[in-house]
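Enquirer: Sharing a structure here in structure tokens format.
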Amino acid sequence: MLSKNIKIKRETILLVSGSLLLIIAFILFHYNKILEIKDEIYNKIQNEIYKENTSINNNISVNIDVDYVETNNQEVLENNNNNNTINYLAFLEIDKINLKQGLLPLESRYNNVDYRVEILDVSDFPDKINGNFILAGHSGTSNVAYFKNLYKLNLGDTAKVYYQSKLYKYSIVNIYNQVKDGTIDIYRDQNKTTLTLITCTKDDKNSQTIYILELIGVESY
């Protein structure tokens with residue numbers, strides 16, 4: 001009788017241990033997905049809080065068509081081969097996704113999402129207090145899909161803009177999607193100097209994602 005009880009206890013221990021190992025293996029296997037879901041929920045909550053706090057501001061509508069691009073543009077390739085002759089107005093750098101891209105003057109024909117990261121003509125430049133520097137770029141697999149990895153960014157991540165011998169450092173405070181209908185409402189605190197990044201939403205060709213970043217520091221370089 002005693003040996004039978006011992007056998008039952010051993011089987012119970014093995015069953016419990018096996019179940020725990022399966023649970024641990026499941027968690028480890030899906031760990032990245034769990035983190036993505038956590039970040040998505042957190043971003044949505046913060047987005048609603050942010051929009052409530054900025055809803056009293058006069059949000060501007062931006063006419064821009066940022067698509068998910070898969071084909072290459074030969075003219076872009078030829079232009080990219082002559083980078084030494086290009087006079088950039090500024091540089092955008094996002095360390096987390098290894099992005100460093102030159103920004104061209106507003107009057108340049110290549111200041112367009114089909115060629116480069118585009119500075120929208122409604123933008124304020126980084127040195128304007130409480131201004132909004134607005135950049136748009138393609139996502140996808142094309143050689144002009146400079147914003148293809150923006151989806152990897154989360155609240156608190158940083159970006160830098162080099163402009164007129166100054167380094168402007170920004171931190172992401174809001175990320176939200178909007179239906180692609182030719183306009184984008186920008187929700188931001190107009191008492192803050194901001195950087196806005198716009199691109200096509202990953203895995204959703206019918207919407208665009210907007211990243212709002214606020215200035216956290218300026219230094220000379």
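The values are calculated or read from the model by the stated rules, or taken from the named source; none is laboratory data. Quantities reported herein were computed from a predicted structural model and do not represent experimental measurements. All Cβ positions, glycine included, derive from the backbone under ideal geometry; neighbour counts span all protein chains shown.
Enquirer: Taking the stretch 140-160 as the search range and keeping residues that are within 11 Å of the chain's Cα centre (by Cα) and outside any loop (DSSP other than H, G, I, E, B), which one is surrounded by the fewest Cβ atoms within 10 Å (Cβ to Cβ)?
Expert: LYS152
Enquirer: Another one. Are any residues in the stretch 88-105 of a type in the set (A, V, I, L, M) and either surrounded by fewer than 20 Cβ atoms within 10 Å (Cβ to Cβ) or under 17 Å from the mean Cα position of the chain (by Cα) (or both), and if so, which ones?
Expert: Listed by number, the residues that qualify are LEU89, LEU92, ILE94, ILE97, LEU99.
Enquirer: Then there's this: Scan the stretch 192-201 residue by residue and report those that are closer than 13 Å to LEU150 by Cα and assigned to a strand (DSSP E or B).
Expert: Residues of the stretch 192-201 that are closer than 13 Å to LEU150 by Cα, as a first pass: 196-201.
Answer for the stretch 192-201, where residues must be closer than 13 Å to LEU150 by Cα and assigned to a strand (DSSP E or B): THR196, LEU197, ILE198, THR199, CYS200.
Enquirer: So if I check each of VAL113, VAL122, which one is farther than 25 Å from LYS192 by Cβ and assigned to a loop (DSSP other than H, G, I, E, B)? Step through it out loud before you land on a result.
Expert: Values: VAL122 fails: farther than 25 Å from LYS192 by Cβ.
Of the residues listed, the single one that is farther than 25 Å from LYS192 by Cβ and assigned to a loop (DSSP other than H, G, I, E, B) is VAL113.
Enquirer: Another question about this same structure. Does the stretch 106-115 contain at least one residue that is surrounded by 16 or more Cβ atoms within 10 Å (Cβ to Cβ) and touching a Phe, Trp or Tyr at 6+ places or on another chain (Cβ under 8 Å)?
Expert: Checked against the condition, which is being surrounded by 16 or more Cβ atoms within 10 Å (Cβ to Cβ) and touching a Phe, Trp or Tyr at 6+ places or on another chain (Cβ under 8 Å), the stretch 106-115 yields no hits at all.
Enquirer: Report whether or not ASN130 is on the phi > 0 side of the Ramachandran plot and modelled with pLDDT of 90 or more.
Expert: For ASN130, the condition - on the phi > 0 side of the Ramachandran plot and modelled with pLDDT of 90 or more - is met.
Enquirer: Determine, yes or no, whether GLN164 is more than 13 Å from the chain's Cα centre (by Cα) and either buried (at least 22 other Cβ atoms within 10 Å of the Cβ) or within 18 Å of ILE119 (Cα to Cα) (or both).
Expert: Considered against the rule, which asks whether it is more than 13 Å from the chain's Cα centre (by Cα) and either buried (at least 22 other Cβ atoms within 10 Å of the Cβ) or within 18 Å of ILE119 (Cα to Cα) (or both), GLN164 comes out as yes.
Enquirer: In the set TYR187, TYR211, TYR176, which member is hydroxyl-bearing (Ser, Thr, Tyr), touching a helix residue (DSSP H, G or I) at 6+ places or on another chain (Cβ under 6 Å) and either free of Cβ contacts under 8 Å to residues at least 12 places away in the same chain or within 19 Å of ASP124 (Cβ to Cβ) (or both)?
Expert: None of the other options fit; the residue is TYR187.
Residue-by-condition table, conditions (1) in a strand (DSSP E or B); (2) buried (at least 20 other Cβ atoms within 10 Å of the Cβ); (3) at pLDDT below 90; (4) acidic (Asp, Glu):
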| site | (1), (2), (3), (4) |
| --- | --- |
| LYS169 | yes, no, no, no |
| GLN190 | no, no, yes, no |
| ASP203 | no, no, yes, yes |
| ILE210 | yes, yes, no, no |
| GLU219 | yes, no, no, yes |
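Enquirer: Could you count how many residues in the stretch 99-129 are among the polar types (S, T, N, Q) and out of contact with any strand residue (DSSP E or B) (no Cβ under 8 Å at 6 or more places or on another chain)?
Expert: 1
Enquirer: Anything in the stretch 147-183 that is aliphatic (A, V, I, L, M) and touching a Ser or Thr at 6+ places or on another chain (Cβ under 9 Å)? List them, or say none.
Expert: Once the filter is applied, which keeps residues that are aliphatic (A, V, I, L, M) and touching a Ser or Thr at 6+ places or on another chain (Cβ under 9 Å), the stretch 147-183 yields LEU150, LEU155, ALA159, LEU167, ILE172, VAL173, ILE175, VAL179.
Enquirer: Return a yes/no flag: does the stretch 109-123 have any residue that is of a type in the set (Gly, Ala, Ser) and under 15 Å from ILE97 (Cβ atoms). Don't jump to the end; show me each part of the working.
Expert: Of all residues in the stretch 109-123, those of a type in the set (Gly, Ala, Ser) come to 123.
Next, from what is left, pick out any that are under 15 Å from ILE97 (Cβ atoms): none.
Checked against the condition, which is being of a type in the set (Gly, Ala, Ser) and under 15 Å from ILE97 (Cβ atoms), the stretch 109-123 yields no hits at all.
Enquirer: Can you tell me how many residues in the stretch 174-188 are of a type in the set (D, E, K, R) and either in a strand (DSSP E or B) or in contact with a Gly (Cβ under 6 Å, 6 or more places away or on another chain) (or both)?
Expert: Result for the stretch 174-188: 1.
Enquirer: Check whether at least one residue in the stretch 157-169 is in contact with a helix residue (DSSP H, G or I) (Cβ under 6 Å, 6 or more places away or on another chain) and either in contact (Cβ under 8 Å) with a residue 24 or more places away in the chain or within 20 Å of ILE94 (Cα to Cα) (or both), and report yes or no.
Expert: Taking the stretch 157-169 first, the residues in contact with a helix residue (DSSP H, G or I) (Cβ under 6 Å, 6 or more places away or on another chain) are 157.
Next, from what is left, pick out any that are either in contact (Cβ under 8 Å) with a residue 24 or more places away in the chain or within 20 Å of ILE94 (Cα to Cα) (or both): 157.
Looking through the stretch 157-169, at least one residue is in contact with a helix residue (DSSP H, G or I) (Cβ under 6 Å, 6 or more places away or on another chain) and either in contact (Cβ under 8 Å) with a residue 24 or more places away in the chain or within 20 Å of ILE94 (Cα to Cα) (or both).
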